[in-house]
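The structure appears right after this line, and notes come after that.
The values are calculated or read from the model by the stated rules, or taken from the named source; none is laboratory data. Given the structure is predicted, the values throughout are model-derived calculations rather than measurements. For neighbour counting, all protein chains shown are included, and Cβ atoms are generated from backbone atoms with ideal geometry for every residue, glycine included.
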Amino acid sequence: MFSKIDTVHTQVADLKKSQIWYEEVLELEQVFDSGEYLVYKVGVGEATLTIQQGEVRPSSIKPILFSDALEETRLKLMEKGVKVGTIEVDEGVTYFEFFDPDKNCFEVRQYML
């Protein structure tokens, strides 16, 4: 029925402010700007992350990003002032959560060998 996830879409309170944060803090590459929303390439996969100005609401949907260097990624985000959670281990997966300026939650994970 589905062949892939095309994009993960999240609402932000201020698109220009968030653009700076997503590009400078998360180091994401912008691949499209509609004037109303921005699309970012995330790593080597095909799925993208789209941010759009609008009402920010709590969500049970959480984008999960992968890192080959989980601890280094967490430290780098902390150095940039990002609110990050502790590193957790659960059934072969090591992960932590972090939040954007609008309190949208993301998870970063690494599989244990």
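Can you confirm whether residue 22 is without any contact (Cβ under 8 Å) to a residue 40 or more places away in the chain, outside any loop (DSSP other than H, G, I, E, B) and aromatic (Phe, Trp, Tyr)?
Answer is no for this residue.
Kindly establish whether residue 2 is modelled with pLDDT under 95, more than 23 Å from residue 82 (Cα to Cα), over 11 Å from the mean Cα position of the chain (by Cα) and aromatic (Phe, Trp, Tyr).
yes
Assigned to a helix (DSSP H, G or I), β-branched (Val, Ile, Thr) and farther than 24 Å from residue 33 by Cβ: is that true of residue 94 in this structure?
no
Which one of 49, 77 is in contact with a Phe, Trp or Tyr (Cβ under 7 Å, 6 or more places away or on another chain), crowded, with 16+ Cβ neighbours inside 10 Å and in a helix (DSSP H, G or I)?
Matching residue, one of 49, 77: 77.
Is it true that residue 31 is buried (at least 18 other Cβ atoms within 10 Å of the Cβ), of a type in the set (Val, Ile, Thr) and either modelled with pLDDT of 95 or more or touching a helix residue (DSSP H, G or I) at 6+ places or on another chain (Cβ under 6 Å) (or both)?
No, not satisfied.
Any residue that is in contact (Cβ under 8 Å) with a residue 40 or more places away in the chain, over 14 Å from residue 103 (Cβ atoms) and in contact with a strand residue (DSSP E or B) (Cβ under 8 Å, 6 or more places away or on another chain) - is there at least one of those in segment 27-42?
no
Here's the yes/no breakdown for (1) of a type in the set (Val, Ile, Thr); (2) free of Cβ contacts under 8 Å to residues at least 60 places away in the same chain; (3) closer than 14 Å to residue 98 by Cβ:
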position	(1), (2), (3)
53	no, yes, no
61	yes, yes, no
65	no, yes, yes
69	no, yes, no
73	yes, yes, yes
76	no, yes, yes
82	yes, yes, yes
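Restricted to segment 5-24, and to residues that are buried (at least 17 other Cβ atoms within 10 Å of the Cβ) and of a type in the set (A, V, I, L, M), which residue is farthest from the chain's Cα centre (by Cα)?
15
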